[in-house]
Structure formats: structure tokens, C-alpha cells
Amino acid sequence: MLNMRISLYCLFMLLMAASVMGQDLNTKNIIVVTLDGYRWKELFEGPDDRIINNPDFITDRSAMAAFNGAHIYEKRSKLMPFFWNVIAQQGQLYGNRNYKNKVNCVNHHLLSYPGYSEMFVGYAAKGVSSNKEKDNPNATVFEFINEQHAFENKVAAFATWDIFNYIFREKQSSLPVIAGNDPPPSHAGAHKKDKKGRSDKETFAYAMDYLEHERPRVLFIGFDGTDFHGHGGRYDKYLEAAQQADKMIAELWAWVQAQPDYKDQTTLFITTDHGRGSGKKNWRNHRLLAPGSRHIWFAVMGPDTPAFGELTFKGKYYQKQVAQTIAAFLGLQYKAAKPTGEIVQTMVAAPVMADNESRSGNALEQTSNR
């Protein structure tokens, strides 16, 4: 009973804080980063003992010493120091299911394209069910933002996975999307195409170069290493890719805070497209037959986000809420073809509320509450 009262009190305080914050948003820019297929368990608990001690999935035994610890708080801080030393102190983290704080995908395909589509379109679209190379039938929130006068030609996307050219429907949207083996911006220097594709480090380098020279107001960076090594069954490399992403995000944030036109005017939003299997063997896979694939997480930090840290009370949030929340940070009301997920109110004091009704109790959503 006491824990329930504490949770209710925390929830009340969160909602009150979000509602009383000033109507004038300080966010002028937003950067969205995704770690493809990165499980909530590693983010909130650190390396999984059942997997890291299994020689079938660990080739580099040094990973055990580098990431292990006496308890989950030590392990997760070793693995993702920026998340736990900075975001957990200055921002918010959603999705620790140990506290029944849940973030779920609504779509039932639990693949990357459907996940990114739900995330950035704002609803689970029936026409998006696979990772096939075909243009998204629906406009994303980035396309919508780019159409607003104040953001015209100030939106860009960089990704390791080449399918983002289709997800963001580059040809129709006119958004600059540098994905897969696309050549980098002209001022980034020479680029040699590689049949194996580019690495997350290269994607990050090109994004940072673009950020420095073009000064976009909205930037997307999509990392792929965690999913790539997850499917390969290399848990050591999966952990290393996560830590590498954490370091790059730390570098990104340090740069942002050193720029007069970005410092204290930029919100950072980080998430994933889908989860992975929760078992000691099926962690390599995702989809409906791998329980845990629906479970994702959010991390956010910026001038309009109260520093509540890790949310340790019961709550349910959905991937489809990302699009409307991104727009809200910029003071925009996202208009989509269908009703979208509602703003995550505890993240941002949003003076603009969606008028395309966002319902949380529809049948599709009820099936994703597990």
C-alpha cells in the first residue's frame, strides 16, 4: 500500500510539474537518435548474466570484465555511462519494466521498418508490414516539420541502415537522407563505397560534419550495430556497439552544449525501433514469436524536460507517441492522415495540444499492453 501511495504521489507531482511549466518553450532544435533493436534489459540492468556467461554468444571474454559489476546499477553505468551519469541526472528514462514502467510497440510486426514507421508517422500503418525496399505510404513527422516555414530545409537524417531512404521517402519528401552507402555531404571529404555498408562510426562522423556546417534544427541519427550483432549472436559485440553509441551520444551532447545556437535550446530524444527476445537464447531474434520484442524504451533530455531521471512508477507509453511529442517540443501540432499517439505529457510542457484525437484505449493498443 505504501509503495502504491508513493507511486501515485510521484505520478501526481510529475503531471503537476508538466502542467505548470511555462508556455514558452526553450527548445528550438531537436536531435533524435535510435539504437536499433537494443533491449530495455541491457539499458536498465546492464549485461544479462545468462547470456554474457554463455560461450556460445561471447567470443571476446574481456567483455565480462569490462561490463560486469556487483549489481545492476554498477553494470548499467559501466555499459552506458552517459545514459546513467548524465541523462539519468538531467533528463528522463522510460521503460524499466521492473517498476512496471512500460513502453510498447503497437504494431504487431515488430520489425525495424514497421517500428520506425510507427515511431515517426504516429500510428501503426496497415500498409507497412516488412523491411522491403519500398517507399513509406505515409508522411513522417520529419516531413511535416520540414514543410513548416521556420524549419524548411532545416531537417536532415543520417543512418547506417539503407532502408531509411524509403522510410523517410526521400524522393517525395525532399528530405536529405544519408543512409547506407549514400555518399556523405560534399564537405565531409571523399567516400569510398563498401559492399558491407558503413559503420555507425562513419554515420556519426557524417552527421556531426553536417551538424557543424549546415546547422539543422531537426536531425535524426540512426545507429544499427546493436541489431546487427544481435542477429549475429555476438553478445560481446552487441554490448560494445551499445557502449560505442553511448560514447558518440556523449560527444554529440558535449558539442551541442558548446555551441551558442544549440546550447540550452536543444532537446535530445533517444529510443529504439523494437525489442528482442527476453530469453537466454531467443535474445538474438525479434517478432511475435520472440516474447519481449514489443518492449522498448525512451530517453529524453533538454531545456523543457524536467529532470525526473529514471521513472520508477507504474505507467504505459507507446511508440506511436514519439511523433506527436517531437513536434510538441518544437511548439508544433503534428497533422497526420490518421489519429496519432498523444504527447507524452511528462516529457514536455506543450502549449500546442493535438486536436486529432489520440485515444489510449482502442483495441489495437489493448493487445500491446503486455
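Rule-based calculations on the coordinates, nothing more; no lab input. On a predicted model such as this, the values are computed, not experimentally measured, just so you know. Positions of Cβ are generated from backbone atoms using ideal geometry, with glycine treated the same way; all protein chains shown enter the neighbour counts.
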For this session: Per residue of the stretch 236-252, in order, report the coupling 6.51 cos²θ - 1.76 cosθ + 1.60 (Karplus, θ = phi - 60°) as ³J(HN,Hα) in whole Hz, putting x for Gly and Pro.
Result: 4, 6, 4, 5, 5, 5, 5, 5, 4, 4, 4, 5, 5, 5, 4, 5, 4
Exercise. Hey, which aspartates and glutamates would be in cross-link range of K171, C-alpha to C-alpha under 12 Å, not counting anything within fewer than 8 residues on its own chain?
Worked result: D135, E143
Exercise. Among the lysines, which fall within straight-line cross-link reach of K314, defined as a Cα-Cα distance under 24 Å, with same-chain neighbours fewer than 8 residues apart omitted?
Worked result: K41, K75, K100, K102
Problem set entry | Shape metrics for the stretch 36-366, restricted to C-alpha atoms - Rg then Dmax, Å | 18.8, 55
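Kindly flag which residue pairs out of K78/K237; K126/K316; K28/K154; K126/K335 have an alpha-carbon separation exceeding 21 Å in this structure. Write down the numbers at each step before the final one.
Details: K78/K237 15 Å; K126/K316 23 Å; K28/K154 11 Å; K126/K335 18 Å.
Distance filter (> 21 Å) returns K126/K316.
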Problem set entry | Amide H within-cut-off set for I296, under 5 Å, with H built and near neighbours excluded | V103, N104, C105
Exercise. What order do you get for S278, S117, S130, S173 when you list them from fewest to most C-beta neighbours inside 10 Å?
Worked result: S130, S278, S173, S117
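Give me the net charge for the shell around G37: Cβ to Cβ below 14 angstrom, other residues only, Lys and Arg +1, Asp and Glu -1.
On the way: positive: R39, K41, R234, K237, R276, R284, R287, R294; negative: D36, E42, D200, D224, D227, D273.
Result for the neighbourhood of G37: +2.
Using the per-residue mean of other Cβ atoms lying within 10 Å as a proxy for protection, in what order, highest first, do the peptides 30-37, 93-100 fall? Present the calculation step by step, with values, prior to reporting the outcome.
Working: 30-37: 24.5, 93-100: 18.2.
Listed from highest to lowest mean packing, they are 30-37, 93-100.
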